[in-house]
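Here is the structure we will look at, set down as structure tokens.
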Amino acid sequence: MRRRIQLAGAVALLAVLGVVGAAIATGGDSKIRERLTGYQEVPALSTTGNGEFKAVILGDDEIRYRLSYRDTETPVTQAHIHFEQRTNNGGIVLFLCSNLANPPAGTPPCPPNGGTVRGTLGPEDVFDGAAAQGIMLGEFDEVLDAIRAGATYANVHTTGRPGGEIRAQLDVDDRRGHGGHH
């Protein structure tokens, strides 16, 4: 009996060490890779536009992203990360790019006819567009919680589709290094 308890304790210790080792090996980073289409818009849209959103969440400090898109039916005006489930539209929490007057400081311009935009986002970039949903200005930890819960989406807006032309729900996948819905 004593030997069985010692064996169970050793197995439990190895399991804990394995989890800690895996967390150290990944550095706590999370990766996202999603395909943007009109079919994920609410309501769904038929469009030639498409794109890809890739991001790495570095611990709890920053998000490094790359947004690429092409073949939109009209020029791109802005792109964001919104807080909401797949079946609804929600408030803006982070700007990815903008061609509108007075975007938040540091927001890169959007290539109007397709292209790629890169950036780094942190607490200073959290927008208060989802304040009614409980995410206030600067609450980066709340945004990260929402992203990790699958409750955010990337959206590219165009002149012809001001509510959004292409979209992808953001799903973090720490095991494979990309999101689950492509």
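The values are calculated or read from the model by the stated rules, or taken from the named source; none is laboratory data. Keep in mind the model is a prediction, meaning the values are calculated, not measured. Glycine also receives a Cβ, built like all others from the backbone with ideal geometry; neighbour counts cover every protein chain displayed.
Some observations on this one:
- Verdict on V76 being β-branched (V, I, T) and over 19 Å from A131 (Cβ atoms): yes
- Residue ID - nearest to R161 (Cα to Cα), chosen from residues in segment 53-86 that are hydroxyl-bearing (S, T, Y) and assigned to a strand (DSSP E or B): T77
- Flag if L58 is buried (at least 18 other Cβ atoms within 10 Å of the Cβ), more than 12 Å from H157 (Cβ to Cβ) and among the hydrophobic types (A, V, I, L, M, F, W, C): no
- Some residue of segment 29-43 being buried (at least 17 other Cβ atoms within 10 Å of the Cβ), at pLDDT below 95 and either part of a strand (DSSP E or B) or in contact with a Ser or Thr (Cβ under 9 Å, 6 or more places away or on another chain) (or both): yes
- Selection within segment 92-138: residues that are of a type in the set (G, A, S) and free of Cβ contacts under 8 Å to residues at least 12 places away in the same chain. The member of this set that is nearest to E73 (Cα to Cα) is A101.
- Condition broken by S68, with the remaining ones in (1) of a type outside the set (D, E, K, R); (2) in contact with a Phe, Trp or Tyr (Cβ under 9 Å, 6 or more places away or on another chain); (3) more than 24 Å from G38 (Cβ to Cβ) satisfied: (3)
- Members of segment 74-112 found to be charged (D, E, K, R) and surrounded by 15 or more Cβ atoms within 10 Å (Cβ to Cβ), listed by number: E84
One line per residue, one yes/no per condition, for (1) more than 16 Å from the chain's Cα centre (by Cα); (2) more than 17 Å from S30 (Cα to Cα); (3) of a type in the set (S, T, Y):
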| position | (1), (2), (3) |
| --- | --- |
| K54 | no, no, no |
| P75 | yes, yes, no |
| F95 | no, yes, no |
| P109 | yes, yes, no |
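- Strands (runs of 3 or more DSSP E) wholly inside segment 109-175 containing at least 3 residues that are over 15 Å from T37 (Cα atoms): 115-121
- Search result, residues across segment 139-182 that are farther than 21 Å from Y69 by Cβ and either modelled with pLDDT of 95 or more or touching a His at 6+ places or on another chain (Cβ under 6 Å) (or both): E139, F140, D141, E142, V143, L144, D145, A146, R148, A149, G150, A151
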